[in-house]
Structure formats: C-alpha cells, structure tokens
Amino acid sequence: MSIRRAVAHAVKRTASRWFNNRVSNSVASKDTETSLIEQFLYPKYGPGQMWEKCAEEIVKLGGEIHFQSRATKIEANNGLCIGVVVTDTVTGTERRFDAKYVFSSMPVVKLIRAMEHPPLEVREIAEGLVYRDFITVGVLLRRMRSLDRIESAMTDNWLYVQDPQYTVGRIQLFHNWSRWLVRDSSLAWLGLEYFCSKGDALWQQSDEAIAATAMDELVAMGIADRDDVLDQIVLRVPKAYPAYWGTYARFDRIVQWTDGIENLYLVGRNGMHRYNNQDHSMLSAMVAVDNIIAGRRDKSNVWRVNAEEDYHEIDSK
Ligand SMILES: Cc1cc2nc3c(=O)[nH]c(=O)nc-3n(C[C@H](O)[C@H](O)[C@H](O)COP(=O)(O)OP(=O)(O)OC[C@H]3O[C@@H](n4cnc5c(N)ncnc54)[C@H](O)[C@@H]3O)c2cc1C
C-alpha cells in the first residue's frame, strides 16, 4: 500500500469509527435531526481528541502534517492540480509541494483566490459569498453557588437565548458535553456565544469590553454573580458560518468549474460553503476518498452529502 493510500485509509478508519459509533448510538432517534438528538457518543476530551489520534496514525504510517502552514497558491496544468504553495504563518517562508490530489477545506473564497486564472464569473461569485462570524466568551466560574443554582436549569449542553434584551445567542456548559473538559470539578467553564459579522459594532469592541458585556448579561440573567468569576477569555472565529445569501444562488457555477478539475475535491464546511456539521464534513471527505479508490470521476455524490436535509440551526438567531 502506498503511503498516500495508507494515510487516506487511516483518516477514513478513524473518522468512520467515530461516525459509525455516533450513527449506531443514535439509531433510537433516527427520525430526529442530528442537532436535536438526545444521546450521542462524545470523545472524553472533545472532538479535537479524535483528530489528535488521527494525526498520530497518519504520522505512524509515514505521512507528514505541516502545521502553521497556509495554502496560498494551487498550481494547475492541463486541467489538473499539480502543486500547492504553502506559506509558513510564523516565518512567512514559502514551500511548494507536488500534488496528486488536492482536498480543500479552506473557505471557497480563499481557494478561488489561490487558483490560477479562474473564470471572471467564478471569481466574482466567490468574492460575493458571505460568512457569519462568531465570538465566544469563556467564563470560568466557581461552581459552588452559581452552578448549583443554574444546573437544574441547564442540564443540556447549551441553551439558546431568545430574549431580545440580551446580545448573547447561546450559552454552553462545557462539562455537560464531557466532565473531563473542565480539569477541576469544583469549577465550571461557560461559553457565551455571540453570532456576529467581522467588522460590526460588537466585533470592533476590545476583548475587555466584550468580556464585560458577557459578564453583565450573565449577572442580569441570574446565572452568575460577579465574585464567582475566576477567569475570562474572548475568542474570535471568523467565517464560522457559511451563509446562504450574497452570491450563493449562483454557487453552482463554482461547483461546475472546480468539479471540472479532476483531482481537486472541495470538502467540509467552508470548503463546500455548506452548513455542514462535523459528521457531514467528515463524510464529504470520506466519499471523495471512496471515489478516488473506486476510480469514480463524477463528484456529485460528494455534493449530495447533507443536501437533502432541511433543518438549519443558522435560523436560530
Ligand atoms: C460555534 C460552532 C459550533 C459547532 N458545533 C458543532 C456541533 O456541536 N456538532 C457538530 O457536528 N458540528 C459543529 N460545528 C460544525 C463543525 O465545527 C464543522 O462542521 C467542522 O469543524 C467542519 O470541518 P472542516 O474540516 O470542514 O473545517 P474546519 O474544522 O474549519 O477546518 C478547516 C481547517 O482548514 C484550515 N485552513 C483554512 N484555510 C486554510 C489555508 N489556506 N491553508 C491551510 N489551512 C487552512 C483552518 O485553519 C482549519 O483548521 C460547529 C461549528 C461552530 C462554528
């Protein structure tokens, strides 16, 4: 087995195990959308644990993973990708890798910018794609008082906040995903999630001001007292949600052009500009690998992943 094929196999095996577990575990709720199921398997230390294991297996099989590297240029010749230029995000140095296949999970707009000579129309559609951005404010609390009070109200993993007087859209209680996500069981991390757009009034505020707003909202909701708070962190996530407006109605033209490049596969969430959850994102990559192994050139089955479902959490706020 070539290294390339062995690595593809390792990724598939790890992802399939996770995916099958999740699917089989949710058989009892198979008529329920995955975002709404009551029970599912979850890695002890969160989803990243699965990818750490996957990375370990790739390296064990002789594969290389280059971190802190941004793909900035995809070279093509005769309708095929032949190389990828990567920029080290720390040193700024460039490296070029030969490419037999390219799987892109980077935002479509960035991919098209990295491609050589895309048709003008494709470039214009890519530039018009819209994303929603996201800020999460982590709040470390002493559990004793506040958590005792809220735990009866917050037994779910997260709580959507509908009341328009609050800016926060959702609150996560990380230890309800897995108690191992919080090292000290006498403490708790809450995540206050703000759905926003990069550059809007909220995004432009300093981290300190956003953290203060989050704290004010927690206190106003009666979830925490100020003296319960031990630490706070503000994390900004650009392009967290691919949006279905802007030029999205003409997205098929991008699909048509990129699908015409035989060894290029658009996979994942921003990679396909589709509101894919993690299982859909993995599945799209797995289907692409299956196609390569089967010698199937038609990529329509990759685009069918998550195409039929009509539940979209993005409507929630
Ligand atoms: C707030 C939030 C909550 C979510 N909750 C859930 C949930 O509960 N369950 C669930 O199933 N899914 C959830 N999702 C969705 C899930 O995170 C995504 O479906 C999944 O991470 C998509 O995987 P991906 O590999 O396509 O993209 P990503 O996980 O975004 O990975 C893409 C990677 O590509 C890198 N990259 C981007 N551009 C370049 C470049 N030019 N060169 C090199 N690398 C690049 C990025 O840094 C990133 O590491 C959530 C998403 C968000 C934002």
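The values are calculated or read from the model by the stated rules, or taken from the named source; none is laboratory data. Owing to the predicted nature of the structure, the values given are computational and were not obtained by experimental measurement. Glycine also receives a Cβ, built like all others from the backbone with ideal geometry; neighbour counts cover every protein chain displayed. Remember, those area values only see protein heavy atoms, side chains included, never the ligands or the DNA or RNA. Shrake-Rupley method; radii C 1.70, N 1.55, O 1.52, S 1.80 Å.
Taken over the range 46-94, the convex hull of the Cα atoms encloses 119 Å³ per residue.
Working note: Karplus 6.51/-1.76/1.60 with θ = phi - 60° gives the range 230-237 the couplings 9, 7, 9, 9, 10, 10, 9, 10 Hz, where Gly and Pro are set to x. These residues, L181, L140, go from largest to smallest accessible area, 1.4 Å probe, as L181, L140. Modelled spin labels at S105 and N301, positioned 7 Å past Cα toward Cβ, are 2.1 nm from each other. Convex hull volume of the Cα atoms of the range 170-293, normalised per residue: 156 Å³. For the range 131-240, the C-alpha radius of gyration divided by 2.2 N^0.38 Å, with N the number of residues, is 1.02.
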